[in-house]
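Written below as structure tokens is the structure these notes are about.
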Amino acid sequence: MLLSVGRCVLCGVRTVPRRLWDKRCNVITGVGAAVLCQRTLSDTRRPPGLEELIRSDVWNDYLKRVQQWGAGAAGSEGGDQQRASSWRDGEKQGWRTRHILPVIKEIRSKEKELTELQQLLADENEDLKTLANAEVAACLEEILNLKYQIAWLLISRDEVDDCSLILEVTAGVGGQEAMLFTAEIFDMYQHYAAYKNWSFDILEYFRSDLGGVRHASASIGGADAYRHLKYEGGVHRVQRVPKTEKQGRIHTSTMTVAVLPQPSEINLTINPKDLRIETKRASGAGGQHVNTTDSAVRIVHIPTGLVAECQQERSQIKNKETAMKVLRAKLYNIKLEDETNKRQSARKIQVGTKGRSEKIRTYNFTQDRITDHRISKSMHNIEDFMLGDELLDEMIQALSDFDDYESLVEIVSN
């Protein structure tokens with residue numbers, strides 16, 4: 001074909017060979033210290049608004065700034081450390097910048113080829129113009145995909161995204177109805193863990209008189225468990241006619257979800273002198289054993305006043321281990337929230353437990369509708385949503401997409 005070679009045989013202009021993007025090259029090949037995520041073109045969704053962003057002047061200005069920094073660093077021996085430190089925001093920005101520069105270079109090369117191809121469009125030969133049009137479209141598509149590669153390089157994953165987590169649910173306003181709803185939400189997350197092939201170990205489960213839950217917690221582990229569930233922390237509201245309502249009136253009740261990353265010993269060290277450990281006899285269902293042995297454990301972190309309890313196991317040693325796991329997660333979460341507040345003060349989506357007083361989602365049973373107020377997304381079919389599979393996963397993915405978009409806007413605007 002006329003344009004299938006490196007240069008046009010008529011005019012000598014270098015042309016762009018058509019490439020098949022369904023080969024889906026890996027965008028990120030490696031990361032040291034789990035700072036950034038690995039993404040591929042095949043497993044990456046494009047958040048709403050992303051294409052508009054990467055076509056904007058703000059995006060182009062950002063690429064120019066990166067390119068100027070790269071040229072300046074290359075022009076000085078060993079790089080200008082002062083300039084580098086002012087441009088790089090720690091290890092993440094330095095890693096991004098070094099990997100973005102080759103992609104920007106490829107974009108500039110494609111843009112030059114595009115200019116040469118567009119000159120062919122003025123040719124009087126209709127066959128040549130037709131072929132040139134096809135090559136221009138292919139070149140534009142390649143440039144767009146290269147810009148998407150830069151976007152995936154910029155979207156980082158938090159240090160704790162790979163951690164296991166502790167999920168806590170607590171009944172809020174609404175009495176017995178709130179406790180019944182809390183039990184349903186806890187079951188929903190248990191089903192979601194099974195759907196994602198995660199482990200789900202119940203740590204605490206305090207039932208109410210009518211079969212609801214006052215408070216419950218579970219340890220969840222698996223691939224990207226915290227990365228998915230970190231958006232679920234906050235106040236969940238239900239609007240429906242309760243089972244306890246005899247006159248058919250709609251009630252509004254609430255419950256709270258807390259998502260605590262579960263760190264390793266390396267991430268957090270607790271001084272044993274700061275702990276007060278108490279034992280007592282367990283209460284509740286379980287036979288004579290719970291009332292005759294001091295198996296329940298209560299641990300108080302004296303400097304902060306945080307408390308963790310466990311009475312699920314018959315063994316005091318196992319209950320102590322579980323209570324320490326919960327306490328460690330709570331302490332680590334305080335540290336994480338301080339760092340997150342500095343980084344995400346302007347974000348609409350707050351993760352972890354920052355949104356405990358914020359209503360994040362409403363479950364309206366009378367209208368068969370679920371609405372997430374952070375992204376103004378509504379879905380229908382509550383019954384299927386509460387099963388904790390595809391619909392819940394779709395909502396969580398929408399939150400993740402929006403968070404990625406906000407992260408990109410924040411990076412390229414600064």
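The values are calculated or read from the model by the stated rules, or taken from the named source; none is laboratory data. All figures in this text were calculated on a predicted structure; none of them were measured in a lab. Here the Cβ positions follow ideal geometry from the backbone for every residue, glycine too, while neighbour counts run over all protein chains shown.
Run down Lys320, Lys325 and say which single residue is assigned to a helix (DSSP H, G or I) and modelled with pLDDT of 85 or more.
That would be Lys320, the only listed residue that is assigned to a helix (DSSP H, G or I) and modelled with pLDDT of 85 or more.
Among the candidates Phe200, Phe186, which residue alone is part of a strand (DSSP E or B), in contact with a Leu (Cβ under 9 Å, 6 or more places away or on another chain) and free of Cβ contacts under 8 Å to residues at least 40 places away in the same chain?
Phe200
Looking for something among the charged types (D, E, K, R), outside any loop (DSSP other than H, G, I, E, B) and modelled with pLDDT under 85 - is there at least one such residue anywhere in segment 222-234?
No, because not a single residue in segment 222-234 is among the charged types (D, E, K, R), outside any loop (DSSP other than H, G, I, E, B) and modelled with pLDDT under 85.
Here is a yes/no grid of residues against (1) in contact (Cβ under 8 Å) with a residue 12 or more places away in the chain; (2) farther than 14 Å from Met324 by Cβ; (3) surrounded by 13 or more Cβ atoms within 10 Å (Cβ to Cβ); (4) not assigned by TED's automatic domain parsing to the domain that holds His301:
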| site | (1), (2), (3), (4) |
| --- | --- |
| Tyr205 | yes, yes, yes, no |
| Ile220 | yes, yes, yes, no |
| Gly233 | yes, yes, yes, no |
| Arg240 | yes, yes, yes, no |
| Lys243 | yes, yes, no, no |
| Ser253 | yes, yes, yes, no |
| Gln262 | yes, no, yes, no |
| Asn271 | no, no, no, no |
| Arg276 | yes, no, no, no |
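State yes or no: is Ile150 out of contact with any Asp or Glu (no Cβ under 7 Å at 6 or more places or on another chain), under 19 Å from Lys110 (Cα atoms) and among the β-branched types (Val, Ile, Thr)?
Answer is yes for this residue.
Could you please find all residues in segment 258-282 being of a type outside the set (A, V, I, L, M), at pLDDT 65 or above and outside any helix (DSSP H, G or I)?
Correct list: Pro261, Gln262, Pro263, Thr269, Asn271, Arg276, Glu278, Thr279, Lys280, Arg281.
Please go through segment 367-405 and give me each residue that is of a type in the set (Lys, Arg) and surrounded by fewer than 19 Cβ atoms within 10 Å (Cβ to Cβ), ordered by number.
Result: Arg369, Lys377.
Being assigned to a helix (DSSP H, G or I), aliphatic (A, V, I, L, M), more than 22 Å from Cys310 (Cα to Cα) and modelled with pLDDT of 90 or more is true for just one of Ala194, Ala134. Which residue is that?
After ruling out the rest, the residue left standing is Ala194.
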